[in-house]
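Take a look at the structure set out below.
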Amino acid sequence: MPPRRRWLPEEDRVLMERIARYRGAKGFTWKALAPRVLPERSWQECKTRYFYLRGTPDGCARRRRNWTREECDTLMETYQHLIIIGVKDLWKELGKIVGRNPLSCKRKVEQLHS
């Protein structure tokens, strides 16, 4: 297996444009399309990267950063509200609202509760 390398902004742009164009088309599969879009990347890498980028509001990758006090407050208030109303995919919904990865939200809530 070749060593991993960072995704380039140009690769991100090409991936997002091509998938937006062909996704939903009859016969679309990641295995068939990915080699034509970015031949040096596997279909699994393309699929994972697409969903990672799509999950951010501006289409740019989320960057790891320290939690601010305001983010922590919003996280906990939103978490308590979502628990009360019984949201099905709690961490996924919390991540969308706060603008963070769902697993990051889960870990932060656990840290703040301890």
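The values are calculated or read from the model by the stated rules, or taken from the named source; none is laboratory data. Source: prediction; values computed, not measured. Using ideal geometry, Cβ is built from the backbone for each residue, glycine included, and neighbour counts are taken over all protein chains shown.
Quick notes
- Neighbours by Cβ (under 7 Å, 6+ apart or cross-chain): first from the stretch 21-47, closer than 13 Å to residue 7 by Cα and among the β-branched types (Val, Ile, Thr); second surrounded by 10 or more Cβ atoms within 10 Å (Cβ to Cβ) and at pLDDT 90 or above: none
- Leading residue by the ranking (modelled with the lowest pLDDT) among those in the stretch 60-94 that are over 25 Å from residue 18 (Cβ atoms), of a type in the set (A, V, I, L, M) and touching a helix residue (DSSP H, G or I) at 6+ places or on another chain (Cβ under 9 Å): 87
- Note on the stretch 22-59: residues that are surrounded by fewer than 11 Cβ atoms within 10 Å (Cβ to Cβ) and modelled with pLDDT under 85 amount to 7.
- Subset of the stretch 95-108 that is at pLDDT below 90 and among the hydrophobic types (A, V, I, L, M, F, W, C) - its residue that is nearest to the chain's Cα centre (by Cα): 103
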